[in-house]
Amino acid sequence: MLYIGSHVGFNKSSQLLGSLEEALSYGSNTFMFYTGAPQNTIRYTIDDELTSKAIKKMQENNISLEKIIVHAPYIVNLANNDKEKHQFAINFLKQEIIRCEKLGITKMVLHPGSHVGSGIDLGIENIIDGLNKVLEIDNSVCILLETMAGKGSEVGSSFIEIKKIIDGVKKKELIGVCLDTCHIHDAGYDLNSFDKVLDEFDNIIGLKYLKCLHINDSKNVCGSRKDRHENIGKGYIGLDNLLKIIYHKRLDDIPKILETPYINDKAPYKEEIELIRRNKAI
Ligand code: FE
Ligand code: FE
Ligand code: ZN
């Protein structure tokens, strides 16, 4: 079955219920949100009453909590060699996992991190160390490492780097991968030959680790390492390639999340989801 949705908001007064209502207004059957602003680590206390209202509404609308994704803020950086910043990221992620559990969410997307000059190997080492500390707490939330575009000193822009991180994680049942189409295209994977890319993913990482997809077009050419998302069909990946990924047999049932830019201050998701559903036959 196709699970398609988008990034949605999450605010203090309506929380998961508000996120769900936004997702439903786009015709989504999955969604992703940050438990606060993406760019900071200020977080609200989870209101259990709003959560139970949201869960009831999900059941009425046949939406499964298991398909819903939380995205950790992008400033937490487990790759940082600065001890204090590294520890801050660990502490924050432990709290974020507790918030996910309170919401009933089982999947959290995380940018592996940026080594900020200390080198890729040390960056990977720090990420592994951080993940093992975060996963020490008893929980059932799976951390999904996002494939990155390779901007600046980002770690995780190749399947091999992601594989190295997974190899070092002790609790493998709590680690997975989120594949972002814009990011892998920008990192140099040619989505005109997506079957080849998917085989490479399977051979290096293993398809069983793939638990989420971010569906975005890209404003730049393959290999540009820029990370600028474009609306579906309007960028260098193109509608046909994106549809092939969205409807790929081997990716059925995996939640697919749009993170495309707003158009004139308006979310494009309702139209993009309609476009995707309309083109099922292609
Ligand atoms: Fe992301
Ligand atoms: Fe993404
Ligand atoms: Zn991105």
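Key figures for this structure:
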quantity	calculated
Approximate shape of segment 65-193 as ellipsoid semi-axes (Cα gyration tensor, √5λ), whole Å, largest first	22, 19, 12
Stretchable slack from LYS151 to ASN279, in nm (0.36 nm times residue separation minus alpha-carbon distance)	42.9 nm
Cα Rg, Dmax (largest Cα-Cα span) when computed across segment 129-282, Å	15.8, 46
Isotropic mean projected area of the C-alpha convex hull, segment 1-111 (nm²)	6.8 nm²
Percentage of interatomic Cα-Cα distances in segment 110-156 larger than 17 Å	36 percent
Kirkwood-based shape ratio for segment 178-247, expressed as Rg/Rh from alpha carbons	0.94
Computed E for LYS244/SER64 - FRET, C-beta separation, R0 35 angstrom, nearest 0.05	0.90
Gain in span if fully extended, ASN203 to ASN81, counting 0.36 nm per residue against the direct Cα distance	40.9 nm
Cα shape, the chain, gyration tensor, a/c 1.5 rule	oblate
Anchor LYS170: aspartates and glutamates whose Cα lies under 15 Å away (excluding residues fewer than 8 positions away in-chain)	GLU125, ASP129, GLU136, ASP138
Gain in span if fully extended, ARG228 to LYS266, counting 0.36 nm per residue against the direct Cα distance	11.9 nm
Above-threshold pairs, the threshold being 31 Å between Cα atoms, out of LYS133/LYS219; LYS53/LYS172; LYS85/LYS107; LYS151/LYS234; LYS94/LYS244; LYS53/LYS151	LYS133/LYS219; LYS53/LYS172; LYS94/LYS244; LYS53/LYS151
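Quick note: the coordinates plus some simple rules give every number you see, no bench work behind them. As the structure is a prediction and not an experimental result, all values here were calculated from the model. Ideal geometry is used to build each Cβ from the backbone, glycine not excepted, and the neighbour counts take in all protein chains shown.
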